[in-house]
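Below: the structure, in structure tokens.
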Ligand SMILES: Cc1cc2nc3c(=O)[nH]c(=O)nc-3n(C[C@H](O)[C@H](O)[C@H](O)COP(=O)(O)O)c2cc1C
């Protein structure tokens, strides 16, 4: 059974689920598995060191699937975003998550190719700015999300942005089960971004130790700190403790710092990404049935 929202209609998906773009974690095999499963697989463009590598990855994806895929694009002078954009459009990428910079820079080109641009936001101020710059929608990055996170819980932030901006809103942060997706859709989200849960999948490029740590951790083991990147982000406390003992990034790499959100609470096994998507969709349907049965006629 499919789950229909304005977002699934916009992109032609079976399920309103986005496999999150994750630095050093989500690459082509991850995007293929998730998109083939009926959701939207995405990866961040900085995962590819050169535009040649990006082109190759997109070729691999296109040989495996013609389903929609998404990317996270950094619209800052530090990244060759114009060239990256052209390569992505040529490969038929239809969904762009903009972070850093002005989404207006890419809107015309993306729209001309039938795609859409949603902006990552952690506050109403950022949401209004993105709306005024013409973004097609917003990604509400909530507290407890993996990676750079917000401060407002999903169930409050989504309806707040929706009401104040009038744009379609996608929920990101703390969603890893069908029940949680039902809650996010109930408060108005048109889709959900799932990150932390998908670190522990066969297709993620997290190291085996990182995947195991995500499976083992509880939400108490997740620390939010701005110390590492300058912006609040969530980390497995154990990897930060190591970092604090030996803070020089010359002897360590980003791969030693394990980001994960509070959804570690519901991440209890390493599975194929497609299974995570299928389980979420099935559990969503069950949750909706259970809720509708709870309404008694009087
Ligand atoms: C390890 C990791 C790396 C991430 N890297 C990126 C990134 O490069 N670009 C981006 O837009 N979001 C990034 N995110 C955020 C995710 O795209 C997504 O918004 C978030 O994981 C959703 O919350 P959840 O982890 O609670 O599911 C990252 C998240 C994690 C856990």
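Within the listed set 186, 260, 33, the Gaussian network model of the chain (springs between alpha-carbon atoms below 10 Å) gives the highest mean-square fluctuation for 186. In plain terms, the residue of 271, 2 with the fewest other Cβ atoms within 10 Å comes first and the most crowded comes last, giving 2, 271.
The calculated FRET efficiency for residue 291 paired with residue 215, based on their beta-carbon distance and R0 = 30 Å, is about 0.55.
Whole Å is fine, so just give me how far the alpha carbon centre of the range 1-64 lies from that of the range 77-144. Taking the Cα centre of each part, the range 1-64 and the range 77-144 sit 15 Å apart. Springs between alpha-carbon atoms under 10 Å, Gaussian network over the chain: tell me which of 140, 241, 189 tops the mean-square fluctuations. Of 140, 241, 189, the most mobile in the Gaussian network model is 241.
Annotation: the residues 258, 235, sorted from fewest to most other C-beta atoms within 10 Å of their own C-beta, follow the order 235, 258. Computed from the alpha carbon atoms alone, the convex hull of the chain holds 132 Å³ per residue. Taking each DSSP H run with n ≥ 4 as -39500 (n - 2.57) and averaging over every residue of the chain yields -12000 deg cm²/dmol at 222 nm. Normalised by the number of residues in the range 154-298, the mean separation of alpha-carbon contacts (under 8 Å, six or more apart) gives a relative contact order of 29 percent.
When you restrict to C-alpha pairs under 8 Å that are six or more residues apart and normalise by the size of the chain, the relative contact order lands at 17 percent. The length gained on full extension between residue 202 and residue 50, counted as 0.36 nm times the residue separation minus their Cα-Cα distance, comes to 52.2 nm.
For the chain, give the share of DSSP beta bridges that are antiparallel, in percent and rounded to the nearest 5; count only bridges with both residues there. Beta bridges within the chain, antiparallel portion: roughly 15 percent.
Across 180, 163, 36, mean-square fluctuation computed from a Gaussian network of the chain (C-alpha pairs under 10 Å connected) peaks at 163. Legend: ranking of residues 225, 253, 177, 298 from fewest to most surrounding C-beta atoms inside 10 Å; resulting order 298, 253, 225, 177.
The numbers here are math on the coordinates, done by the rules we state, and not lab data. Nothing here was measured: the structure is a model prediction, and the numbers come from that model. Here Cβ is always computed from backbone atoms with ideal geometry, including for glycine, and neighbour counts include all displayed protein chains.
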